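J.: I'd like to ask some things about the structure below.
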Amino acid sequence: MNVTAHTYQIGGKSGNQISASIEEAIRSGKMPAGTVLPAIRALADKLEVSPTTVAAAYRSLRVRGLVRAGGRRGTIVNRRPPLAMPTAPTVPAGTVNLADGNPDPDLLPPLRPILAKIAARHQLYGKETNNERLIDLARRSFRHDRVPAGEIAVVSGAIDGIERVLQAHLSPGDVVAVEDPSYTGMLDLLAALGMIAEPVALDESGISPASLAAAIRADAKAVILTPRAHNPTGAYIDKKRAAEIRAVLAKAPDILLIEDDFAGPVCGAPAMTVVDAHLPRWAVIRSVSKALGPDLRLALVAGDELTIARVEGRQRLGPRWVSHILQDAVAMMWSDAKTLRQVERASYTYALRRGALIEELAKVGVEAFGASGLNVWIPVADENAIVQSLLEDGWAVRPGAAYRIRSAPGIRITISALKPADAHRLANDFARALRPRASTNVA
């Protein structure tokens, strides 16, 4: 539910002062996500400035991703504007955390043996920015999965890669087709870039070809899809669906395709791509965070020659390169037999935990989805009621509202820390949360 900004006194006489006043209110939490700003003329009258001045302030906030245009509802504060905000409340002690989306630390490969082998040499300006061994390993991996990886860039994680590819081709105001529901960080990124997220329906086999075609007709300039381990639903694009998506994209030669293969080898499903030789602008992004560890801020981007050239060219104006210490570590881990066995073990274990929860939920009549990855998605009618009930039973889970644009409500459960032996208790607690609570009122 949206709230209004009437309780906070917006101040200022210039566009910069007004936008700074609103930004401070957002940063401090006085204007939470969903707050509706005053109408331009109403605020102009109150501050005794021209409507043009207020409009300029609002426009500045939109360009920076702090607010969005809500049509007849007015100008609305974004869900997670790109500001340092008050931190979210911590999970209570004794609660099983199935909400944060992290991999299981016990299933990550140990770093100490790898770091001990790294040659601690300083990387100086003017040298090669990418580790040749890492690029060669990545190219072989991409080509094994039928991704035509001629050009590869090294970036600081999947979202960094998505941002750089989008900025290589698109501008604020452009429409981007996204899965609905979709990863919150990616939706926040689009808002911060001033781009418009056009929701595309999906099922267990991934993005809907018919819905994607409709988004393209609605002037989408790009599409971002997750081929496997979709967050939050666990959807997986199979061979048949991939062919159907390619057929849609073949009719839109100017579209930019971004595949976010963020989970890679631990998702419990074989790699699939919708890229083909006829697509002029594309990028496939693979992060190492779920398999090797989130603190290894590194992802590989395969793409067409122009896209990679633009990504690397812009990168050289800022961070210049991803730390060679990180690149060396990832290259060593990808070449290390013990590490590869640990990654296989993690993939098997996550699949076991995901399957156990879905099976236990089915036994109590609860439908759940999760064909791959670390998450299970459960459709519900009232997200907040389920989240609160489960929290009282010792489970922290995520409501689906932050992931959804138009899709139906649901709950995301991250299974990485859920032992199969605990799935039975969680399923029963979930089923109980779905049942109406008896009234305690006394006549």
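J.: Which of the peptides 187-198, 393-404 is most tightly packed, and how do the rest follow, going by the mean number of other Cβ atoms within 10 Å of each residue?
T.: Details: 187-198: 21.5, 393-404: 19.2.
For the peptides 187-198, 393-404, the packing ranking is 187-198, 393-404.
J.: What lysines could a cross-link reach from residue 117, if we take a straight Cα to Cα line under 19 Å and drop same-chain neighbours fewer than 8 places away?
T.: Partners found: 338.
J.: When Lys and Arg each count +1 and Asp and Glu each count -1, what net charge do the other residues less than 12 Å away from residue 187, Cβ to Cβ, add up to?
T.: Numbers: positive: 68, 79, 80, 404; negative: 179, 180, 188, 198.
Around residue 187, the charge tally is 0.
J.: Turning to a different aspect of this structure: Efficiency by 1/(1 + (r/R0)^6): what FRET value for residue 435 and residue 95, r their Cβ-Cβ distance, R0 = 25 Å, to the nearest 0.05?
T.: Numbers: r = 22 Å, r/R0 = 0.87.
Result of the calculation: an efficiency of 0.70.
J.: Another question, then. Between segment 338-379 and segment 9-23, what is the separation of their alpha carbon centroids in Å?
T.: So the separation of the two Cα centres works out to 49 Å.
J.: Find how many whole Å separate the alpha carbon centroid of segment 55-115 from the alpha carbon centroid of segment 275-325.
T.: Here the two parts' Cα centres lie 22 Å apart.
J.: Mind listing the long-range amide H neighbours of residue 281? Cut-off is under 5 Å, sequence gap 5 or more, other chains count too, H placed in the peptide plane at 1.01 Å from N.
T.: Here 257 satisfy the definition.
J.: Could you give the size of the charge dipole of segment 3-77 about its Cα centre, using +1 on the Cβ of each K and R and -1 on the Cβ of each D and E, expressed in debye and rounded to the nearest 20? Mind showing how you got there, number by number?
T.: On the way: 11 positive and 4 negative charges, 54 e Å.
Dipole about the Cα centre, nearest 20: 260 debye.
J.: As a test of the formula, what do you get for the chain when each DSSP H run with n ≥ 4 contributes -39,500 (n - 2.57) and the sum is divided by the residue count, at 222 nm and rounded to the nearest 500 deg cm²/dmol? Could you put the intermediate results ahead of the total?
T.: Values: 15 runs with 173 residues, N = 443.
When only DSSP H runs of four or more count, the value is -12000 deg cm²/dmol.
J.: Below 10 angstrom from the Cβ of residue 224, what's the summed charge of the other residues (Lys, Arg +1; Asp, Glu -1)? Walk me through the numbers on the way to the answer.
T.: Working: positive: none; negative: 179, 259, 260.
Neighbourhood net charge equals -3.
J.: What does the charge count around residue 353 come to, taking other residues whose C-beta lies under 13 Å from its C-beta (Lys +1, Arg +1, Asp -1, Glu -1)? Walk me through the numbers before you get to the answer.
T.: Values: positive: 345, 354, 419; negative: 104, 106, 359, 360, 422.
Net local charge, residue 353 excluded: -2.
J.: Could the peptides 284-292, 44-52, 146-154 be put in order, highest first, of the mean number of other beta-carbon atoms found within 10 Å of their residues?
T.: Details: 284-292: 25.3, 44-52: 14.1, 146-154: 19.6.
Top to bottom by mean Cβ count within 10 Å: 284-292, 146-154, 44-52.
J.: Which of these values of Cα extents along the principal axes in Å was calculated from the structure shown: (1) 65, 60, 41; (2) 59, 50, 44; (3) 67, 66, 47?
T.: Here the calculated entry is (3).
J.: If the cut-off is a Cα-Cα distance under 27 Å, which lysines reach residue 13, setting aside same-chain residues fewer than 8 apart in sequence?
T.: List returned: 30, 46.
J.: Further question: Are any of the pairs 221/251; 363/419; 127/290; 290/419 more than 21 Å apart by Cα-Cα distance, and if so, which?
T.: Numbers: 221/251 13 Å; 363/419 17 Å; 127/290 30 Å; 290/419 18 Å.
Beyond 21 Å: 127/290.
Bear in mind that the values in this text are calculations on the coordinates, not laboratory data. Remember, it's a predicted structure, so these values are computed and weren't measured experimentally. So basically every Cβ, Gly included, is an ideal-geometry build from the backbone, and we count neighbours across all protein chains shown.
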